[in-house]
Structures are given as C-alpha cells and as structure tokens.
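Q: Quick one: this structure, given as structure tokens, is what I'll be asking you about.
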Amino acid sequence: SDNALEFADNAKAKFGTGGDLKIYHNGSQSFIQDGSGTGNLKISSNQIDIVNAGNSEFLAKFIEDGAVQLFHDSSKKFETTSTGAFITNELEIEGTAVNDFESGRVRFTENAHGFLGGYVHYDGSANVLYMGVHPSNDSTVGNDVNAIKINRESSNLNVELNYGGSKKFETTSTGVTATGNIDFTGNL
C-alpha cells in the first residue's frame, strides 16, 4: 500500500451506521459529507490551520481560547479579539434593497434590539450617505428623516443636518445655510 490507504476517484470512505460520514474525491474536488441529516460536523483540535494546496499560505486559523483569523493572499485581514474583532485595511459592505435601503448598511444596536439604535447607510441610487439614530419606538429601516446626510452627487456636494424630517443646516458652495432660529450659547 506504499504506507497509504488509497481510494480511486469517487470511492468513498464511509463511517457510522449507514455510512453517515463520507470522505471522497471525484477527480477534481474533495468532499467531507455528513449524510446523517443532522448537519453537524465537528473538528476537534487545539488549533486548526486551513492552508492552500501547496501548504505555503494560510487561508484561516482557529485557535483555542484565542482568535479566529482569516487571510487573503497570506495576509491576515480579519481577527477576533477578546473585545470584538479587528479588520486590517477596509471593510466593504454591499447589500440589496431592504425597505428604503438601496445598498449596504451598518447597524449599531444594543443586545438583540434589531434595527433600534444607530446606523450608517449608503443609498447607491441617490449617491447619499446617511448617519442617524432610530427613535426608540421605530424598528424600521430607511427612516432617514433625522439623519446627517452627505450628498456625493457632483452637482450637489453638501452635508445636511435634519430635525423632524426637515433640513435645518446645509453646507453650500458659498458657505452654509440655516433654516429657523439660530441660538448661540457662550462666546462668539
């Protein structure tokens, strides 16, 4: 056997009553398949490293009592930490329309409160970035009436501050425009 247990293409090593776990290769791809219907596959180790076929670069690492690390071209890009997670370089979020959201969004919530809390969302169809906070009784997405709005259109590069669905402050090509009363506290 040349010190190896050899199987031809599509021959399956089966484990468990009824051959629930199968390991096999079909000539171009390799598979570990849980056919038990439970969908549970457990790999047990103090550290699991997933590497490329040439064993020359890491794809992922899973470390007991430590980090989960994900790599791109052998460069670590994502790592869990004791306080959360760390991303190297930038995070790009892309999504499909959900209610009024035309593109990706980032939600900031407390515990499992769903959409309640703060958000940052980019509306790709209008080239607008919104930053805002949902009212405590509002669980909808796309409620941008009280948001800070940053317009990216070349004809309208401005920042708006809103209150109650009404624009109160806006940057313009000549300065700023304010609507309503202007109250100053302190020295000018």
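Q: Mind checking the full-extension length gain between Lys167 and Ser45? Use 0.36 nm per residue of separation minus the Cα-Cα distance, one decimal, nm.
A: 38.2 nm is the gain from fully extending Lys167 to Ser45.
Q: Same structure again: Which order do the peptides 76-82, 118-124 take when ranked by the mean count of other beta-carbon atoms within 10 Å per residue, highest first?
A: By packing density, highest mean first, the sequence is 118-124, 76-82.
Q: Another question, then. Could you give the nm distance between label points at Asn52 and Leu21, where each point is 7 Å from its Cα heading toward the beta carbon?
A: For the pair Asn52/Leu21, the computed spacing is 3.0 nm.
Q: Please compute the modelled spin-label separation between Val159 and Asn10, points set 7 Å along Cα→Cβ, answer in nm with one decimal.
A: Distance between label points: 6.4 nm.
Q: Now, a different point. At a Förster radius of 30 Å, what calculated FRET efficiency corresponds to the Cβ-Cβ distance of Val68 and Phe108, to the nearest 0.05?
A: In this case the efficiency is close to 0.85.
Where a number appears in this text, it was derived from the coordinates with a stated rule and is not lab data. Because the structure is predicted, anything quoted here is derived from the model rather than measured. Cβ atoms come from the backbone with ideal geometry, glycine included; neighbour counts cover every protein chain shown.
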